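Below is one structure, written out as structure tokens; the observations come after it.
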Amino acid sequence: MLNERMVALGTQRSVIRELFEFGKKRAAEIGAENVFDFSIGNPSVPSPDCVNETAIRLIQEMDPVVLHGYTSAQGDLGVRMMMADSANKRFQTNFHADNFYVTVGAAAGLCCCLNGICNPGDEVIVFAPYFPEYKVFIEGTGATMKLIPADIEAFQIDFEAFEAAINEKTKAVIVNSPNNPSGAVYSEETVKKLAAVLDEASSKYHQPIYLITDEPYREIVFSGYNVPFIPKYYKNTLVCYSWSKSLSLPGERLGYVIVPDEAEDSKLVYAAVAGAGRSLGYVCAPGLFQRVCAECANETADISVYETNKTLLTKSLREMGYHVVEPQGTFYMFPRTLINDDIAFCEKAKDFNLLIVPGTGFGCSGHTRISYCVPTSRIEKSLDAFDKLAKFYR
Ligand code: PLP
């Protein structure tokens, strides 16, 4: 008998995948330029020049046996030193190479952290709206996910609900700021309050509650906003970073986990993260791109188009009568749907060749996710369709 959970995970097509297939079919019928696909979070801008330049230089100059060989499981030492230097410059921290565990993107970082710290029966708290893979990653460890309903006014944290959800089984809390799907960035006030609640709960239950911070959008933040660096506020923080979005490299699979020295039993936690990577069969992250990302760690792709798109869409959708909490970062927004049933709303949107994702899958019904990592011209062309959709419900 097969593992039923795995069979189910492998056969259920995600809503986003369904939309993607629908989009391909419609494009064949009416032309790709008439299909407004806002379903997927694939960066739409090229990587900065330093990525290809570094890759080419390394291929030409480095001993290929070393370049294409296995690295240490936790990542090449020189690479981890460069990553620590970059973080120290940017966040005024004192990290060293051994705080860094290089991963196959943030997804692997999350899995390594969760598997490293969770035991069956533990609970991991997640705030809606959330990245749906969290549930898969958490349940893969035998722990359960406890979902805190969204604060739909600002997409910060509903602290009353959060505090009520913490108990002796709470092993970790996952936060994602800038957030997929809302585009919200947690304010310093939110982060301070979160840290205070976790400090108090950790003392009450005589065990650390880990704060796993999932940060693939850390650099994609709009003018006027800052992303507080969470380890400075809470010592038992595990950072999961990725270059998928900032360097437009999602297919190259590169990121890292930081286990700060300040975390309780830091060395044991690091060992548990590394042990989880081993048990999950990651072996090591891709060697060429470990080196490329380390050398380009202080760069980003030209991400300015995301802010242009955010401003245009927020203004236009509001004029049409949509309720939009203006995103502060990422390339997503999460407006309210014009009827309560977000699944029916997104289905209707297809009649206007608009592909947008129901909020239900992100744990927040009555909303829809729009991924605006697309050329601005596609947004301009799609406005008429958004307007027709609004008029249909008026
Ligand atoms: N976390 C969030 C919130 C994401 O949106 C994504 C990807 O879209 C990931 C994690 C996974 O990113 P990576 O490509 O680094 O594994």
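Data overview
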{"read-out": "Cα shape, region 286-370, gyration tensor, a/c 1.5 rule", "value": "prolate"}
{"read-out": "Share antiparallel - DSSP beta bridges, region 202-280, percent rounded to 5", "value": "50 percent"}
{"read-out": "Point-to-point label distance, Glu53-Arg90, nm (Cα→Cβ direction, 7 Å offset)", "value": "1.9 nm"}
{"read-out": "Ser266 paired with Asn298, simple spin-label distance in nm, labels 7 Å along Cα-to-beta-carbon", "value": "2.4 nm"}
{"read-out": "Fraction of accessible area attributable to carbon and sulfur, region 37-196 (%, probe 1.4 Å)", "value": "52 percent"}
{"read-out": "Measure of compaction for region 1-123 (Cα Rg per 2.2 N^0.38 Å)", "value": "1.54"}
{"read-out": "Fully extended contour minus Cα-Cα distance, from Lys169 to Glu21, at 0.36 nm per residue", "value": "49.2 nm"}
{"read-out": "Stokes-Einstein D for the chain, Kirkwood Rh over Cα pairs, 10 °C, 1.306 mPa s (µm²/s)", "value": "73 µm²/s"}
{"read-out": "Estimated FRET transfer efficiency when R0 is 22 angstrom, pair Phe159-Ser203 (beta carbons, to 0.05)", "value": "0.80"}
{"read-out": "Beta bridges by DSSP in the chain, antiparallel share as percent, to the nearest 5", "value": "40 percent"}
{"read-out": "Equivalent-ellipsoid semi-axes of region 63-136, from the Cα gyration tensor, Å, largest first", "value": "29, 18, 12"}
{"read-out": "Accessible area in square angstrom per residue, the chain, 1.4 angstrom probe", "value": "44 Å²"}
{"read-out": "Projected area, mean over directions - region 195-317, Cα convex hull, nm²", "value": "10.4 nm²"}
{"read-out": "Pairs beyond 31 Å (Cα-Cα), from Lys171/Lys315; Lys89/Lys169; Lys146/Lys245", "value": "Lys171/Lys315; Lys89/Lys169"}
{"read-out": "Fraction of alpha-carbon pairs over 17 Å apart in region 22-78 - percent", "value": "65 percent"}
{"read-out": "Contour excess over end-to-end distance, with Cα ends at Glu139 and Thr311 and 0.36 nm allotted per residue", "value": "58.2 nm"}
{"read-out": "Helix-only CD estimate at 222 nm, as mean residue ellipticity for the chain, using -39500 (n - 2.57) per DSSP H run (n ≥ 4)", "value": "-13000 deg cm²/dmol"}
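The values are calculated or read from the model by the stated rules, or taken from the named source; none is laboratory data. In this text the structure is predicted, and so the values were computed from the model without any measurement. Glycine also receives a Cβ, built like all others from the backbone with ideal geometry; neighbour counts cover every protein chain displayed. Ligands, DNA and RNA are excluded from the accessible area calculation, which covers all protein heavy atoms including side chains. Shrake-Rupley method; radii C 1.70, N 1.55, O 1.52, S 1.80 Å.
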